[in-house]
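Derivation of every value follows stated rules applied to the coordinates shown; laboratory data play no part. Note that the structure is predicted; figures quoted are calculated from it, not measured. Glycine also receives a Cβ, built like all others from the backbone with ideal geometry; neighbour counts cover every protein chain displayed.
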Amino acid sequence: MAETKPFWETKSLTDMSREEWESLCDGCAKCCVVVLQDEDTERYHRTNIACKLLDVKALKCRQYGTRTLHVPGCVPLTPENIAQLHWMPSSCAYRRLSEGKGLADWHPLVTGDPNSTHTHGHSVARPLVSELNVDEDDYEDHIIEDQD
């Protein structure tokens, strides 16, 4: 009996259904923290500052469906824009697939375990602080790593 390949290996990002697209998110929440770009080097730096909508315990957006109404700077990922979003981590499934790479071996769709992103250490670093509690002038004090 022939083995059927998973949808992410047979479909382009633009051909995926909404459900398939959404299932690609590994739940790392790295796109829900403030990322700073150095003006001189153009390098990206992830902080431990969480979007005001991020539930820092569950690592889920509290207002996912209406997030762009509450956070004007929130950029919804689409098949059309993912290749231009260079601040997205290299581990991001959307970015990986847009670059012609497969899903990481720890991705929940590969492992069948919805917690595999976290158990394999690929979710956002903690502790997190809400952007509501940090003055914008102090953002640089919250850099935790260079973004890949």
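Things worth noting here:
- Between residue 68 and residue 129, the simple spin-label model (points 7 angstrom out along Cα→Cβ) gives 3.1 nm.
- For region 34-148, share of DSSP beta bridges that run antiparallel, in % to the nearest 5: 80
- Cα-based radius of gyration for region 16-146, normalised by 2.2 N^0.38 Å, reads 1.05.
- Between 109, 85, 97, the Gaussian network model of the chain with springs among Cα atoms under 10 angstrom shows the greatest mean-square fluctuation at 85.
- GNM flexibility winner over the chain from 48, 133, 115 (Cα, springs under 10 Å): 133
- For region 1-35 and region 57-76, distance of Cα centres in Å: 19
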